[in-house]
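Right, one structure below, let's go through it.
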Amino acid sequence: MKAYRRLLFCSALAVVLACPAQTVYDTELGLPGATAVDLVRLDAGGLMTAGRLDDDLLLVRWTGEGDTVWTRRAPLTGSGDRPWTMNQLSSGDLMITTSLQTVFYDTEGTALGGIDLPGYAAIELGTDSLLALDYSGNIRLTDMSGNIRWERTAVTPLGHFITSPAVAPLNNGFVVAAGNTADFLFQTRVQMTRYANDGSFVDSLTLHWDAGSIVAGRAAVPCMDGGALLAWIHGTGNTVLARVDAVGDTLWTRMFGMNGDLPGYPDFFDVHDATEMSDGRFVLSGVGGVLGKNSFELALLELDANGSPLCFEVVNEQGFPPDTRLVRDALDRIHLSVAERTDLAPVGQTMIGFDDLCLNTGVADPRTLPPFDVQPRITERCVRVVRGQLAGDVVLLDVLGRPVLRASVSQSELDLSGLPIGTYFVQLQGQNGTIPIVRR
């Protein structure tokens with residue numbers, strides 16, 4: 001699975017560089033036919049995937065280095081039941097919402113019971129309520145015991161009906177990203193809808209529309225400022241994004257893919273999931289490729305905080321589009337869950353960890369790559385500057401580009417022990433490019 005290709009973007013220029021992302025691990029689960037539908041970063045450390053194996057719910061706990069801690073299987077409610085989403089609750093326990101119910105587990109895989117709350121997308125709303133949407137966008141709010149607090153029918157303009165919703169909490173409400181398909185005009189719309197905490201409709205916004213195209217909400221990712229990043233697929237290979245603030249007002253929108261504004265990208269890009277990095281950048285997972293080619297590229301796309309593309313990483317090529325989910329951990333490492341498929345059946349599950357993606361933002365030409373290296377990239381105390389023509393001072397920048405530490409290059413070592421935990425960038429005075437490091 002280790003066949004990587006990177007494109008870095010600067011304005012309208014895209015150049016393929018022969019420098020792979022740093023892969024921490026690439027681990028196959030070893031259970032043929034296993035799938036993964038969701039991935040969460042656990043508050044206590046490590047990761048959890050929820051998926052399906054045969055007619056069973058499959059839970060897998062992973063370390064941050066890609067090792068399997070344990071697997072658990074439990075029967076689902078019949079062959080028509082399947083898991084859709086997983087969340088870690090404020091209590092620390094996990095909720096897995098399926099087609100027919102919501103079940104609860106602790107982080108050791110012990111079953112804690114279930115409630116009558118089926119859904120395609122679900123979140124914890126506040127600290128004492130659970131919100132679930134079915135495939136058509138109808139909404140139900142319950143308490144933790146499954147007692148219904150309210151139910152709402154999806155708000156749909158012009159006789160359209162909702163498909164494939166994703167949902168994220170906001171201040172005093174929540175936002176739904178969904179497809180909006182007409183039953184008589186043959187139009188499909190990328191629809192963003194806001195609701196108050198009591199389920200009352202606030203407003204709805206159409207971001208893009210087309211005739212007869214596939215449309216689906218794919219991700220609704222809570223952001224550090226209380227807002228969210230929303231993602232849809234629309235048409236043949238278009239990804240639509242919207243960044244909203246904590247009350248749901250739109251900050252920016254983007255479209256990438258066949259009809260989009262991503263320079264140098266292949267013919268299509270179908271987004272699967274997204275995560276926000278500690279400095280406000282975003283990383284998206286999905287499938288890209290070239291029309292007419294009998295393979296698909298599993299890819300990661302990195303954007304700055306304003307949605308502008310920074311780089312695109314091809315992880316591998318596959319004969320059939322896989323399903324992917326991703327999260328970032330406290331060290332800004334990316335963890336990618338891949339459920340590989342053939343055209344007939346699931347093949348198995350793989351986890352891939354990346355220590356660094358395309359964090360040398362603004363670098364679009366090999367001639368501007370930093371003429372030095374830094375080791376280690378993740379540290380609790382010191383890093384060393386090595387390799388290349390070294391002259392001048394070594395400068396350490398924070399995520400806003402402000403210098404926070406300076407040393408003579410003759411020292412070749414930077415002591416970070418007095419700095420807060422986070423991401424920093426090493427630069428040689430008078431040289432182009434920076435190298436990211438993480439103080440943990």
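Summary of computed values
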read-out	value
Residues of region 96-107 that turn out to be surrounded by 17 or more Cβ atoms within 10 Å (Cβ to Cβ) and either among the β-branched types (Val, Ile, Thr) or within 16 Å of Arg61 (Cβ to Cβ) (or both), as a count	8
Residue ID - modelled with the highest pLDDT, chosen from residues in region 405-424 that are surrounded by fewer than 21 Cβ atoms within 10 Å (Cβ to Cβ) and under 23 Å from the mean Cα position of the chain (by Cα)	Ile421
Gly235 being of a type in the set (Gly, Ala, Ser) and within 14 Å of Val167 (Cβ to Cβ)	no
Candidate set: region 296-341, residues that are part of a loop (DSSP other than H, G, I, E, B) and among the acidic types (Asp, Glu); chosen: the one nearest to Asn87 (Cα to Cα)	Asp329
Those strands (runs of 3 or more DSSP E) lying entirely in region 180-243 with at least 3 residues over 24 Å from the mean Cα position of the chain (by Cα) and either closer than 21 Å to Val287 by Cα or modelled with pLDDT of 90 or more (or both)	201-211
Any hit, region 384-404, residues being at pLDDT 75 or above and small (Gly, Ala, Ser)	no
Residues located in region 56-67, provided they are surrounded by 14 or more Cβ atoms within 10 Å (Cβ to Cβ) and touching a residue at least 24 places away in the same chain (Cβ under 8 Å)	Leu57, Leu58, Leu59, Val60, Arg61, Trp62, Gly64, Gly66
Some residue of region 160-170 being at pLDDT 85 or above and more than 26 Å from Gln187 (Cα to Cα)	yes
Thr27 being touching a Ser or Thr at 6+ places or on another chain (Cβ under 9 Å), part of a strand (DSSP E or B), closer than 20 Å to Phe354 by Cα and of a type in the set (S, T, N, Q)	yes
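The values are calculated or read from the model by the stated rules, or taken from the named source; none is laboratory data. Fair warning: this is a prediction, and the values are worked out from it, not measured in the lab. Positions of Cβ are generated from backbone atoms using ideal geometry, with glycine treated the same way; all protein chains shown enter the neighbour counts.
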